[in-house]
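The values are calculated or read from the model by the stated rules, or taken from the named source; none is laboratory data. What you are looking at is a predicted structure, and each value in this text was computed from that prediction instead of being measured. Don't worry about glycine lacking a Cβ; one is built from the backbone with ideal geometry, like all the others, and counts go over all protein chains shown. Accessible surface is based on the protein model in full, side chains and every heavy atom, while ligands, DNA and RNA are left aside. Shrake-Rupley method; radii C 1.70, N 1.55, O 1.52, S 1.80 Å.
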Amino acid sequence: MAELSLPFKSRYFPIKKFLDVYQKSLEDPEGFWAAEARKLYWFKTWDKVLEWKPPFARWFVGGMLNASYICVDRHVKTWRRSKVAIYWEGEPGDSRALSYSTLYREVNRFASVLKNCGIGKGDNVVLYLPMIPELLIFMLACARIGAIHTVIFSGFSAQAVADRVNDIQAKLLVTADGGFRRGKVVPLNSIVDEALTKCPSVEKVIVVKRTNSPITVKAPKESWLDDLLEQAALFVEPEPVESNHPLYILYTSGTTGKPKGIVHSTGGYLVHNCSAYKWVFNLREESVYWCTADIGWLTGHSQIVYAPLAHGAATVIYEGAPDYPTIERWWDIIEKYGVTVFYTSPTAIRMFMGYGEEMLKKYDLSSLELLGSVGEPINPEAWLWFYHYVGGERCPIVDTWGQTETGGNMISPCPGIECVPLKPGSVTLPMPGIEVDIFDEDGKPVPMGQRGFLVIKKPWPGMLLGIHGDPERYKETYWSRFPGVYYTGDYAVKDKDGYFWVLGRADEVLKVAGHRIGTAELEDAVVSHPQIAEAAVVGKADPVKGESIVIFARLKEGAEPSPDLKKELAGHVRKEVGPIAVPDEVYFVTKLPKTRSGKVMRRVLKAVANNTSIGDLTTLEDASSVEEIIKAYQELKEGEVKKK
Ligand code: ATP
Ligand code: MG
């Protein structure tokens, strides 16, 4: 993995302070986390910091708290009542700013609506809403009364909605008359109608008005939110819940297989995320935070909703597509709201890179102080582009590693304590209180520089409570590979400075002639070619080598696909990674199959290349990407037949 020179000035050296905090946190993790937990508000203090009955961890046992109290009630008792909590930007250009006092009032009214619909502590509520303030308000309203929310990304199909609703046996579903996406209305209500034909558990549907689509609401099961709000009380007592009462259930992205319903606690989850947020994003009162993830993902739950609001910070939410009405929309939003912390994904950065940096020059991005990346390994080229052009060479980039299961970020620079020197493409060092390592096949720690499986050695507060309804799958997925440690499923390496580099998914690692190569290593090499915008690499079974390397690449605008370019690219990868990495097949495609969260589904490409079953596609973004790849493969086969 290429190590590029550090673009940072000496003010970030040395890192003694960070290492001191880290060291102390590991010497006494329970004492460390208890001190962090005391910074939140508890109705009753815990009896025990950690109850660890492997593989189940319960944090702050006996402690009583309420997430909505922490996120809103606390702030309205201070000057923050008039501070903006949410800057919301609708896709058509409408906008709303909600102060903490407005948010407080709305959360109470929505909580009253839920109660009037018969929802109480422990009931499952599904929120299938666009990125509008009502989504956040409903999440907090559920938390207020101890109901458990499951947010379903509003781009999912009826089948994906039905699968999740049935898995958790939801009693109530909240949706909207539609959502805006690229100027069109997504008919959420009719998707729900279709889904609910298969969901007997749902007793009640609440519909939020967003697009003014001419839909009919079928009473008594369905009601408009506005009608229910007429009967709503202005105050609902927050329900104190035990720390391990589930705050929510959220499904993983489905990048590697069928999504898992991950259950998160209230106390541990909030403690982890509040601490992580202030360390990673260098929390300051006047900051304006924009995390571009959808609220339907863990990153959105933690970094748009719970962590910023718990801190009384201002969070920006944008409803629509990044390229609507033009590719400049995001830069316009940064300028408009004076965003100081901008947190996005490598996929988005690579997409913007493909359009060139000229567009950035039209906007004043000088408010930016800190940039962040999450979701996938970021290739050094994209990192440097982000650093130079978006951050104006002044903003550190926090590349944060976490999973839906971890509940929050685990490995990342922590400028809120002290920013370690950055290396483009590395997630740097584990965060305080987090003990991670890299194991070989046999479960032994590997020496620095050697690749292996990323594991977490000690329980941490944001850790999942389990997989909903499936303790066996929980044990099997995370705890059976290596006894006593959490298996992340990611492949990684630690460099000579102890920095971590995530090299891809463990089950996507290629084994070529006895060597293991992570997909990210190969893909970094492919996209460092000047004509390539994006790439995915998979292995194809090969009787001699074990696996051969197959590349799927999307060209930059203006580049022409040709057999010569294929050869050139193969040579380029060989030069970058070494003679072992000579690709056997190169395909140019116009799009790669991705999950709705923007991650490449390599398992689909692998299935096509190996002629095996494609598996669960409910979280796929665009089915035509798969069709294109199948077609490219068929053409190749026909070509081979003709040659014979
Ligand atoms: P599923 O588990 O259903 O296959 P998923 O793993 O994509 O889906 P998430 O929990 O959203 O679902 O993603 C977590 C994964 O994303 C991590 O395991 C890792 O592979 C990848 N990831 C997240 N952040 C980073 C990062 N900064 N660098 C490298 N990889 C990352
Ligand atoms: Mg995963």
Checklist entry - In segment 165-188, which residues are within 26 Å of residue 116 (Cα to Cα), in contact with a Ser or Thr (Cβ under 6 Å, 6 or more places away or on another chain) and open to solvent by 10 Å² or more (accessible area, probe 1.4 Å)? => result 169
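Please pick out the residue among 454, 503, 464 that is farther than 25 Å from residue 274 by Cα and within 23 Å of the chain's Cα centre (by Cα). Full working, then the answer.
On the way: 454 fails: farther than 25 Å from residue 274 by Cα; 464 fails: farther than 25 Å from residue 274 by Cα.
From the options 454, 503, 464, the qualifying one is 503.
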Next on the checklist: Cβ-Cβ under 6 Å, sequence separation 6+ or interchain: first residue in segment 33-44 and part of a loop (DSSP other than H, G, I, E, B), partner open to solvent by 40 Å² or more (accessible area, probe 1.4 Å) and hydrophobic (A, V, I, L, M, F, W, C). Which pairs?
Outcome noted: 43/64
Checklist outcome for this item: Of the conditions (1) within 16 Å of ligand 1 (Cβ to nearest atom); (2) open to solvent by 30 Å² or more (accessible area, probe 1.4 Å); (3) under 20 Å from the mean Cα position of the chain (by Cα), the single one that residue 381 does not satisfy is (3)
Next on the checklist: Here is a check on your reading of the model: is residue 367 open to solvent by 10 Å² or more (accessible area, probe 1.4 Å), over 27 Å from residue 139 (Cα atoms), among the hydroxyl-bearing types (Ser, Thr, Tyr) and touching a residue at least 40 places away in the same chain (Cβ under 8 Å)?
Outcome noted: yes
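Scan segment 267-280 and tell me whether some residue there is at positive phi, assigned by TED's automatic domain parsing to the domain that holds residue 85 and more than 16 Å from ligand 1 (Cβ to nearest atom).
From segment 267-280, those at positive phi are none; that's our starting set.
No, the conditions are met nowhere in segment 267-280.
Right, residue 491: within 16 Å of ligand 1 (Cβ to nearest atom) and over 21 Å from residue 346 (Cβ atoms) or not? Outline the logic, then answer.
Working: within 16 Å of ligand 1 (Cβ to nearest atom): yes; over 21 Å from residue 346 (Cβ atoms): no.
In short, no.
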Checklist entry - Can you tell me which residue in segment 249-279 is most open to solvent (accessible area, probe 1.4 Å), limited to those that are within 11 Å of ligand 2 (Cβ to nearest atom) and of a type in the set (S, T, N, Q)? => result 256
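Please report, ordered by residue number, the strands (runs of 3 or more DSSP E) entirely within segment 474-555 with at least 2 residues that are assigned by TED's automatic domain parsing to the domain that holds residue 627 and of a type in the set (Asp, Glu).
Working: elements: 486-494, 500-505, 510-512, 515-517, 532-542, 546-555.
Ranges flagged: 532-542.
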Checklist entry - Within the group 314, 310, 293, which residue is among the aliphatic types (A, V, I, L, M) and either open to solvent by 20 Å² or more (accessible area, probe 1.4 Å) or within 13 Å of the chain's Cα centre (by Cα) (or both)? => result 293
Checklist entry - Looking only at segment 378-412, which residues are free of Cβ contacts under 8 Å to residues at least 40 places away in the same chain and charged (D, E, K, R)? => result 394, 399
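Just checking, which of 418, 435 is closer than 30 Å to residue 249 by Cβ and open to solvent by 20 Å² or more (accessible area, probe 1.4 Å)? Walk me through how you get there before you give the answer.
On the way: 418 fails: closer than 30 Å to residue 249 by Cβ.
Being closer than 30 Å to residue 249 by Cβ and open to solvent by 20 Å² or more (accessible area, probe 1.4 Å) holds for just one of 418, 435, which is 435.
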